[in-house]
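Read through the structure below, which is laid out as structure tokens, and then see the notes.
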Amino acid sequence: MEYNKLLARSFSHYEQRRLGCWAFGVFLIITVLTYYFALISNPSSLASIPNLNANAQLRMLVFRDTSNSPRELYNPKVIKETEVPEIIKEVIKVEDRIDGQRKPEVKLPPVCDISDQKFDICDIDGDVRINGKSSTILYTTDSSTEGNFSTGNDTWKIQSYPRKTDKGAMRNVNEILVKPSLNSQAPNCTRYHSVPAVIFSVGGFASNHFHAYNDILVPLFLTSRQFNREVQFLVTDWRPSWISKHKVILNALSKYPIVDLDKENDVHCYRRVILGLNFHKFLSIDPLKAPRNYSMENFTEFLRNAYSLKRSLPINMLARGSGHRKRYPRLLIVSRQRTRKFSNVDEIAKMAKSLGYQVVIEEPSGSKDASTFTQMVNSCDVMMGVHGAGLTNIVFLPPNAVFIQVVPFGVKWVSTKYFAEPAPDMKLKYLEYKIAENESSLIQQYPMDHAVFKDPHSIGKQGWNVFKSVYLDKQDVKLDVERFRPTLLKALDLLRR
């Protein structure tokens, strides 16, 4: 005790610390030398040295002491949040080696998925640079710039239209090259964007009303709605008339200008890019696969909001109108001027009026613009028509309205897939009327024992063009109004429920 006091009086505080450091250094040298001679005398003891895990990384934080007290330097509890700017942090990474070799790279999952039968899609996060004129996307992902990760050398040629096995559709769809790149190899950005981008084509069959919705607008909603309009659309195979026709929907999905990608000289840079559109099934959405469980009912509600459509319910048949007048449901008969047209539409309308319907006869491709036509469809309680693209306008009917599809002879499969199956997903009540042979104009072109009547499947085996020519292009319908009457009565019954 007396000796410690004497030591304290003989040396300053600084000299005590210096003496302590020298003592610790001597102790450390003796320990290392002892361990070294032990290894020489017993080499087998090397086996007891623990191996570093091949994936381990040693990280060390080095702090600068900003206090006068040695105790505060080594006590982590005294480092406050407000003192963080005064702390220098340095991360030292120790690369692990196996048998003297550098550890293998971990390959990241591909940014493009080409496994689906209908569509290809790429979802890229990181530094993404788009050169529209050369139809090229160069990217460096966020993960590939950290640690021993690699995106590989995979490249993809993607057509951003969801009918990839249909050669007729894909013939006029631009191909976009997607490949990884080092920053040093990438072109300089001339346009920077803070929101994600979605790239899609309006080529293919997009000029057809059904395909505009089935191939593009429903998949575009499915892909982009999750961004709540904070997304920009880059369009390839640009068609000004298509963009103009559907501008209400496009503007409701994105609040940014649409880019005509094929004519772009700028290099557009994004942090996230989706190339291609998700597709689930014909004119519908599978909520189990969709972001935020979007459904086809969500899509039709979105359309009603976009076009400011007033009705979200059909007529209440049990209620009375103003002045206690009886209320009559509105029936829309979708007419066609070329193929699969009703040859006795006036007779159909007369019979419908006798049952208590207000009848509207309209052709979708008529003089009305898209917005006006959607308002007219939404004002109706029942819609009927021969199978065709015009029936796509059921998306504007109020939920619980009735949809009647008149199925021409020989087209059962496409009628079922394109409209019968999607209708319930839109919360519509579906009725179907299959015409008989004597209601088809085909009876004037082929004898009753012809394969066209007896074996439509054999006609289909000859290819789509033959099938289309016979059953879609050369067939009109003359409804037997007495045979059809029960279908309209059934529609009235569904509205009363």
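Summing Lys, Arg as +1 and Asp, Glu as -1, what charge do residues with Cβ under 15 Å from the Cβ of Ser308 carry, Ser308 excluded? Net of charged neighbours comes to +2. Hand me the tally of lysine pairs in the range 255-385: alpha carbons under 22 angstrom apart, and the pair either on different chains or 8 or more positions apart. Total qualifying Lys-Lys pairs in the range 255-385 comes to 9.
A Förster distance of 45 Å, applied to the separation of the beta-carbon atoms of Gln375 and Gln185, puts the FRET efficiency at 0.30. The residues neighbouring Gly356, those whose beta-carbon lies less than 10 Å from its own, together hold a net charge of +3 under the Lys/Arg +1, Asp/Glu -1 convention.
For the range 247-348, the dipole from Cβ point charges (+1 on Lys and Arg, -1 on Asp and Glu) about the Cα centre works out to 640 debye, to the nearest 20. All other residues whose Cβ lies under 10 angstrom from that of Phe409 are scored, Lys and Arg at +1 and Asp and Glu at -1, for a net of 0.
Please go through the range 186-273 and write out the trypsin sites (Lys or Arg not before Pro) that DSSP classes as loop and that have at most 14 other C-beta atoms within 10 Å. It would help to have the intermediate numbers written out before the result.
Values: sites: Arg191, Arg225, Arg229, Lys245, Lys247, Lys255, Lys263, Arg271, Arg272; in loops: Lys255.
For trypsin sites (Lys or Arg not before Pro) across the range 186-273 that sit outside H, G, I, E and B with at most 14 neighbouring Cβ atoms in 10 Å, the list reads Lys255.
Could you list, in their original order, any pairs among Lys434/Lys490; Lys118/Lys434; Lys247/Lys417; Lys133/Lys167 whose Cα atoms are separated by more than 20 Å? Going by Cα-Cα distance, Lys118/Lys434; Lys247/Lys417; Lys133/Lys167 fall outside the 20 Å limit. Derived scalar couplings between HN and Hα for the range 480-495 equal 7, 4, 6, 6, 7, 3, x, 5, 5, 5, 4, 4, 4, 5, 5, 5 Hz in order, rounded to whole Hz, by the Karplus curve 6.51 cos²θ - 1.76 cosθ + 1.60 (θ = phi - 60°), x for Gly and Pro.
Coordinate-derived values only; no laboratory data. Keep in mind that this is a model prediction, so the values were computed, not measured. Here Cβ is always computed from backbone atoms with ideal geometry, including for glycine, and neighbour counts include all displayed protein chains.
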